[in-house]
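The values are calculated or read from the model by the stated rules, or taken from the named source; none is laboratory data. This structure is a prediction, so every number in the text was calculated from the model and none was measured. Cβ sites come from the backbone with ideal geometry, for glycine too, and all protein chains shown count toward neighbours. Ligands, DNA and RNA are stripped out before the accessible areas are found, and what is left, the full protein with its side chains, is counted by its heavy atoms. Shrake-Rupley method; radii C 1.70, N 1.55, O 1.52, S 1.80 Å.
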Amino acid sequence: MSTLNTLLLGFISIVLINNLVFTKFLGICPYLGVSGRIDMAFGMGMAVTFVVTLSGTLTWLIDHLILMRMGLEVTRYVCFILVIAGAVQLVEMYVRKFFPSLYESFGIFLPLITTNCAILGLCLFIHLWGIDNLPEAVVLSFGAGIGFTMAICIMAGIRENLNLADVPECLKGAPITLITAGLLTLAFMGFAGMIR
Amino acid sequence: MTKNSDTTAGIYKETLLAGLWRENPVFRLLLGMCPTLAVTAAVKPALTMGLSVIFVLVCSNIVVSLMRNLLKPHLRILMFTLTIATFVTIADLFLKAFQPEMSETLGPYVPLIIVNCIIICRAEACASKNNLLVSIIDAVGMGVGFTLTLCVLAGVRELLSTGMIFEAKVMPDWFVPWAAMSMPVGAFITLGLLLGLVNKLTKGKS
Amino acid sequence: MSKIKYFVQQSWLLIVSSFCFGLLLAIANAAWSPIIEQNRINKLNVLAGRLIPKAKDFVPLEELGVEIKVKLLKGEKKKVDVYKAVTGDECFGWTFNAVGPGFQDKIELIIAVDKDFKTIAGFDVLASNESPGTGDKIKEEDFRTQFKAKPAAKLEVIKSGEARDNKILAISGATISSEAVVKIINHYVKEVKEEMQRKGLIGNDKEQ
């Protein structure tokens, strides 16, 4: 029961309280670039969720079963980034084969996921938080993906409406997106302290 | 780089200046946003971050430029990532050994340099096409441009959130610190407004 | 055979450079890891030394052949790094690392107690991510000195009044962060004390 509790709390905390986009500034690039349309944002979010779950789990396994046992911690970053690149490649092949239409609409975003900081960031945070059991690592990775999807979808929704708004000329595009994101982080700060 | 400058020195100067303003990675190309937002709560970590990025950028540009003729197209990105990851690890170890406090403040954002789009973008766009000298100059220009931007942003945020710059008090006594500026909110909004300001300035010129 | 040749042709650069990079990493690691380790020990010693100024050395309990495992706030049992604060042969107290949930992220503390686990000698924050301006005042002297010489029993958080006996005055605007710190300290002091009594490192309360 208590394990389940921990997992649930971990999930909620990574989705709402420690949301990677709003509190850790991870995954800002696609957040600014992609989130113009809500369906694209959702697709991107799903792709990231899949990759992050896969690579979060794999990097945890590699970290604990290989690197720490053999004292190869120094190669941790290299290994992590290679695992992520591999996972992205896998997803790309899978999507291209089975969902060609989805692949078309993703276009260049799929390979870009490799350099999405949210993914490497999560793998590093899992190590930093000292997560030492597999279920928790998996749940956290999945939660991070969901949190990212949520953030990017909220943002896309707002930006669809922003197109109709009268934004000062010099703030159009990225600046107003950043300011909106700032206001969203304020809103998300309300979740802090929810879990004790 | 395709532009015909009068002399080779002209090309070098052009390359150097491009990174500083015309193609400033943060303001103009919107690259490397994560560290820009995350480490700019104070000037000191921002400067450390900037220097680490310069180091990684220069080293990876050197390596990539040296082996640009040997690269196979489909293994290119893999080679870039491998190179960058190696130098980032070295930078991380160096910080841990000689700047332990800074290393702790920056935390995971040092290894996150690996996925900083600036570096892989410069490797792809510049170093894999140009000779060693141009690549180095480009790396220095871009790196310094990035560092300066980081420091400006951090300066504004540190000044408003604590009334200090470089941990030295500069604001008068009646100033009440805005704690919000050192939170994520401050980061997003300051960068948004700065970008707006830059847009406005460049618009006025052209 | 031609397949192997093709493979080598395509990837020799990758293989060679992997070796070079690996070598580079190994050299950097070999050169700097002792310094990194020393930094870590120094930091702990400096922090612990501030809490128990009389002690010169902080000996990890593993070196004495004892391992302390306690239940964490999260529920599972885990090893706690306990250090014995000594000068020569005389013991001045104990310090241990503790961790628990804060307002936003987890808070990591180093807690120091006297040699009988009767009073708290103080604490310091190793890592936290509390809101700037309010929650991160747990790092400040004003809040931390309250814990000095408090009984190593259940501490209580109050919002106003005087911080006497086992009462801790919360930071205004950051009650949750203050409560989180007190909760961590209460939990760890109790658990580590019980565990150490069981292991016979300190006397039982009743005997004294």
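Observations
- Among the residues here, A:Thr57 does not qualify as more than 14 Å from chain B (Cβ to nearest Cβ), open to solvent by 60 Å² or more (accessible area, probe 1.4 Å) and among the hydroxyl-bearing types (Ser, Thr, Tyr).
- Residues that are away from chain C (no Cβ under 14 Å) and in contact with an Asp or Glu (Cβ under 7 Å, 6 or more places away or on another chain), drawn from segment B:150-206: B:Ile165
- Qualifying residue in segment B:183-196 (condition: at pLDDT 85 or above, assigned to a helix (DSSP H, G or I) and open to solvent by 70 Å² or more (accessible area, probe 1.4 Å)): yes
- Annotation: B:Leu133 fulfils all but one of (1) open to solvent by 30 Å² or more (accessible area, probe 1.4 Å); (2) facing chain C (nearest Cβ under 10 Å); the unmet one is (2).
- Of the residues C:Glu130, C:Glu108, the single one that is open to solvent by 40 Å² or more (accessible area, probe 1.4 Å) and touching a residue at least 12 places away in the same chain (Cβ under 8 Å) is C:Glu108.
- The condition of being among the charged types (D, E, K, R), open to solvent by 70 Å² or more (accessible area, probe 1.4 Å), more than 9 Å from every other protein chain (Cβ to nearest Cβ) and farther than 19 Å from A:Leu72 by Cβ holds for only one of C:Glu62, C:Glu37, that being C:Glu62.
- Restricting attention to segment A:142-170, the residues that are modelled with pLDDT under 85, open to solvent by 30 Å² or more (accessible area, probe 1.4 Å) and of a type in the set (A, V, I, L, M) add up to 3.
- For segment A:157-192, a residue qualifies if it is without any contact (Cβ under 8 Å) to a residue 60 or more places away in the chain and part of a loop (DSSP other than H, G, I, E, B), and the qualifying residues are A:Asn163, A:Leu164, A:Ala165, A:Asp166, A:Val167, A:Pro168, A:Lys172, A:Gly173, A:Gly190.
- Condition broken by B:Pro35, with the remaining ones in (1) assigned to a helix (DSSP H, G or I); (2) at pLDDT below 85; (3) open to solvent by less than 60 Å² (accessible area, probe 1.4 Å); (4) more than 13 Å from chain A (Cβ to nearest Cβ) satisfied: (4)
- Condition check for B:Ile119 on (1) assigned to a helix (DSSP H, G or I); (2) more than 27 Å from C:Leu126 (Cα to Cα); (3) more than 10 Å from every other protein chain (Cβ to nearest Cβ); (4) not charged (D, E, K, R): one failure, at (3).
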